[in-house]
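These notes are about the structure you will find just below.
The values are calculated or read from the model by the stated rules, or taken from the named source; none is laboratory data. Computed from a predicted structure; not experimentally measured. Positions of Cβ are generated from backbone atoms using ideal geometry, with glycine treated the same way; all protein chains shown enter the neighbour counts. We work out accessible area using only protein heavy atoms, side chains counted, and drop any ligands, DNA or RNA first. Shrake-Rupley method; radii C 1.70, N 1.55, O 1.52, S 1.80 Å.
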Amino acid sequence: MSPTTVQERAVPVADFGDVRAEFAGLTSACGIYDLRGRARLKLTGEDRIRWMNGVVTNNIRDLAPGHGVYAFVLNPQGQIQGDLFVYNCGDFLLVDTESSQSSRLREFFDHYIIMDDVEVADVSSEWAVIGVAGPKSLAVLQAAGISVPALAPRQLARVNVSGAEATLVQGDNPALSSYEIWLAPGPFASLWESLVHAGAIPAGTSAVELLRIASGVPRYGQDIRERDLPQETEQARALHFQKGCYIGQEIVERIRSRGNVHRKFTGFLLQGEMPVAGAKLQAEGKDVGEITSVASLPSGEGEKAIALGYIRREVGTPGKGLHVGKGQATVAALPFAEFFQH
Amino acid sequence: MTAVTEDAPKTAPAKGIQVTEKALARIRTAMAKENISPQQGGLRLGVQGGGCSGLSYNIRFDTQPRERDRIFQFDDVRVFVDPKSFIYLHGMTLDYQETLMQQGFVFTNPNASKSCGCGTSFSG
């Protein structure tokens with residue numbers, strides 16, 4: 001097996017031998033990665049749209065067929081129970097989430113499907129998904145014979161990939177161009193090969209994780225925990241304020257009407273000793289925040305250590321110097337621009 | 001007050017659901033207005049998931065019961081409750097309130113741990 005061949009299994013590999021080269025492929029050229037490990041739930045039934053609109057934080061009521069949104073699921077106390085993408089696929093809604101969240105979300109859904117006509121089915125094994133990211137994504141897709149229409153973030157398009165029907169999704173990575181290709185598991189390997197042939201660099205989960213941190217995208221369970229308030233996560237893309245009632249809305253609205261939260265999710269540039277997730281950030285000897293994700297990455301100016309985490313707003317201005325353990329941290333805006341070509 | 005369960009006589013303790021005479025009178029009037037036949041149709045009571053407190057009451061007319069519904073008969077008025085909603089609704093009373101401030105159906109639910117100000121939303 002060549003190092004660029006994707007394995008015939010649903011668990012994506014950690015790397016293809018060189019995480020840094022894979023990360024460079026993603027940020028400066030075009031990287032592809034295996035998203036078969038994610039979970040997909042299909043929701044059918046007449047009440048699916050009204051029901052889902054009452055359960056997640058984003059607007060499903062006005063979500064046109066062929067479009068998707070990012071959203072949180074909250075409990076009645078406003079605590080974040082999970083995050084997901086919801087796509088309106090016409091005859092059904094498709095929920096895409098991390099597989100680690102799948103069973104918990106299903107239980108949550110089952111609890112709240114009572115008199116409504118909504119059926120949930122796990123269709124994870126019916127889809128194989130390839131992620132595509134990098135400034136040369138469009139060129140690589142075109143070189144692989146895929147005609148790419150102009151799409152909005154999280155918009156879907158039917159495309160033909162080497163004779164097979166597939167769905168192309170425009171990604172919403174704030175730092176670079178990204179796509180997903182959804183197709184049946186059968187043609188997965190041949191599409192992978194043809195993308196590699198067209199110039200794509202295969203990336204494992206380690207490089208994709210570095211890309212996530214450099215892009216400033218929080219991960220549920222790590223950067224977004226139950227105790228974090230929805231507005232503290234700085235994910236305005238997950239919230240909608242005119243969509244009507246949903247679980248936990250009272251808390252989200254109360255926070256909005258009072259003006260602000262005390263903490264916010266942001267980036268940090270690190271120097272000196274690398275902290276671990278959970279490390280406390282300090283200013284003038286007082287705890288003012290915490291680290292949730294760390295990474296060490298190659299940049300145009302050499303190796304850089306960066307982190308994601310939460311900081312109190314009054315000291316959260318980019319450029320503000322802080323202490324973390326024996327090292328230093330400087331507040332930085334997200335995404336970390338230095339890792340991306342513009 | 002009328003208390004009836006599926007297979008118990010009218011005087012049985014409130015294991016099912018209860019509908020007050022005042023509520024029954026309003027249901028009869030509304031059913032006639034909506035042309036719902038009391039023989040085939042009935043009032044559907046249920047619980048919807050979602051909304052501010054997570055769960056909310058739903059009340060509407062249905063032209064016929066669904067296969068797995070529990071059917072409660074209060075004289076000439078039939079009430080349909082789907083099996084999953086019944087878990088939340090058993091023991092509840094449906095009343096009709098008419099005050100200067102508001103008028104409408106009121107749910108008294110011993111299973112609700114927290115009720116919302118709007119009166120139709122609750123936590124299980």
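Within region A:178-198, which residues are hydroxyl-bearing (S, T, Y) and buried (at least 17 other Cβ atoms within 10 Å of the Cβ)? Before you say what the answer is, go through the steps one by one.
As a first pass, look at region A:178-198 and keep what is hydroxyl-bearing (S, T, Y): A:178-179, A:190, A:194.
A:S178, A:Y179, A:S194 - these are the residues of region A:178-198 that are hydroxyl-bearing (S, T, Y) and buried (at least 17 other Cβ atoms within 10 Å of the Cβ).
Go through (1) touching a Gly at 6+ places or on another chain (Cβ under 6 Å); (2) among the polar types (S, T, N, Q); (3) at the interface with chain A (Cβ under 10 Å from one of its Cβ atoms) for B:S53 and report which single condition fails.
With respect to (1) touching a Gly at 6+ places or on another chain (Cβ under 6 Å); (2) among the polar types (S, T, N, Q); (3) at the interface with chain A (Cβ under 10 Å from one of its Cβ atoms), B:S53 is out only on (1).
Please enumerate the residues belonging to region A:253-280 that are open to solvent by less than 70 Å² (accessible area, probe 1.4 Å), of a type outside the set (G, A, S) and closer than 21 Å to A:A214 by Cβ.
The first filter runs over region A:253-280 and keeps only residues open to solvent by less than 70 Å² (accessible area, probe 1.4 Å), leaving A:253, A:255, A:259, A:261, A:263-270, A:272, A:275, A:277-279.
Now narrow it down to the ones that are of a type outside the set (G, A, S): A:253, A:255, A:261, A:263-266, A:268-270, A:275.
Scanning region A:253-280 gives A:K264, A:F265, A:T266, A:F268, A:L269, A:L270, A:P275.
When the residues of region A:217-250 are filtered to those that are farther than 20 Å from A:S178 by Cβ and among the charged types (D, E, K, R), which remaining residue is nearest to the chain's Cα centre (by Cα)?
Checking each candidate, the answer is A:R225.
So for region A:215-224 (the condition being in a helix (DSSP H, G or I) and open to solvent by 40 Å² or more (accessible area, probe 1.4 Å)), does at least one residue qualify? Break it down into steps so the answer makes sense when it comes.
Just the residues of region A:215-224 that are in a helix (DSSP H, G or I), to begin with: A:215.
Within this subset, residues satisfying the condition of being open to solvent by 40 Å² or more (accessible area, probe 1.4 Å) are none.
Checking region A:215-224: not a single residue is in a helix (DSSP H, G or I) and open to solvent by 40 Å² or more (accessible area, probe 1.4 Å).
Select from region B:64-90 the residues that are open to solvent by less than 20 Å² (accessible area, probe 1.4 Å) and away from chain A (no Cβ under 13 Å) and list them in ascending order.
Passing the criteria: B:F72, B:F74, B:V77, B:V79.
Among (1) buried (at least 20 other Cβ atoms within 10 Å of the Cβ); (2) β-branched (V, I, T); (3) out of contact with any helix residue (DSSP H, G or I) (no Cβ under 7 Å at 6 or more places or on another chain), where does A:I306 come up short?
Only one criterion in (1) buried (at least 20 other Cβ atoms within 10 Å of the Cβ); (2) β-branched (V, I, T); (3) out of contact with any helix residue (DSSP H, G or I) (no Cβ under 7 Å at 6 or more places or on another chain) is unmet by A:I306, namely (3).
Tally up the residues in region A:102-114 that are surrounded by fewer than 20 Cβ atoms within 10 Å (Cβ to Cβ) and either part of a loop (DSSP other than H, G, I, E, B) or more than 14 Å from chain B (Cβ to nearest Cβ) (or both), please.
3
Return the pairs, sorted by first residue and then second, in which the second residue is open to solvent by 20 Å² or more (accessible area, probe 1.4 Å) and modelled with pLDDT under 95, the first residue lies in region A:49-75 and is assigned to a loop (DSSP other than H, G, I, E, B), the beta carbons are less than 7 Å apart, and the residues are 6+ apart or on different chains.
Qualifying pairs under 7 Å: A:G54/A:C245; A:R61/A:G244.
I need the full set of residues from region A:225-277 which are within 14 Å of chain B (Cβ to nearest Cβ) and of a type in the set (V, I, T), in order please.
Matches in region A:225-277: A:I247, A:I251, A:V252.
In region B:36-50, which residue that is small (G, A, S) and without any contact (Cβ under 8 Å) to a residue 40 or more places away in the chain is farthest from the other protein chains (Cβ to nearest Cβ)? If you could, list the steps in order and put the result at the bottom.
Narrowing region B:36-50 to residues small (G, A, S): B:37, B:41-42, B:46, B:49-50.
From what's left, without any contact (Cβ under 8 Å) to a residue 40 or more places away in the chain: B:37, B:41-42, B:49-50.
Values: B:S37: 22, B:G41: 17, B:G42: 14, B:G49: 3, B:G50: 2 Å.
Per the criteria, the residue is B:S37.
The conditions are (1) out of contact with any Phe, Trp or Tyr (no Cβ under 6 Å at 6 or more places or on another chain); (2) more than 14 Å from chain B (Cβ to nearest Cβ); (3) surrounded by 17 or more Cβ atoms within 10 Å (Cβ to Cβ); (4) not in a helix (DSSP H, G or I), and A:E165 fails exactly one of them. Which is it?
Condition not satisfied by A:E165: (3).
Note down all Cβ pairs under 6 Å where the first residue falls in region A:287-301 and is at negative phi and loosely packed, with under 15 Cβ neighbours inside 10 Å, the second is of a type in the set (A, V, I, L, M) and assigned to a strand (DSSP E or B), and they're at least six residues apart or on different chains.
Listed pairs, sorted by first residue: A:S296/A:A305.
Being within 27 Å of A:E209 (Cα to Cα), in a helix (DSSP H, G or I) and within 14 Å of chain B (Cβ to nearest Cβ), is that true of even one residue in region A:124-142? If you could, list the steps in order and put the result at the bottom.
Restricting attention to region A:124-142, the residues satisfying the condition of being within 27 Å of A:E209 (Cα to Cα) are A:124-142.
Now narrow it down to the ones that are in a helix (DSSP H, G or I): A:124-126, A:137-142.
So of that shortlist, the ones also within 14 Å of chain B (Cβ to nearest Cβ) come out as none.
Checked against the condition, which is being within 27 Å of A:E209 (Cα to Cα), in a helix (DSSP H, G or I) and within 14 Å of chain B (Cβ to nearest Cβ), region A:124-142 yields no hits at all.
What's the number of the only condition in (1) open to solvent by 50 Å² or more (accessible area, probe 1.4 Å); (2) in a loop (DSSP other than H, G, I, E, B); (3) acidic (D, E) that A:E250 fails to meet?
Result: A:E250 fails condition (2) only.
Take the residues in region A:66-76 that are over 16 Å from A:W51 (Cα atoms) and out of contact with any Asp or Glu (no Cβ under 9 Å at 6 or more places or on another chain), then tell me which one is farthest from the other protein chains (Cβ to nearest Cβ).
By that ranking, first place goes to A:G66.
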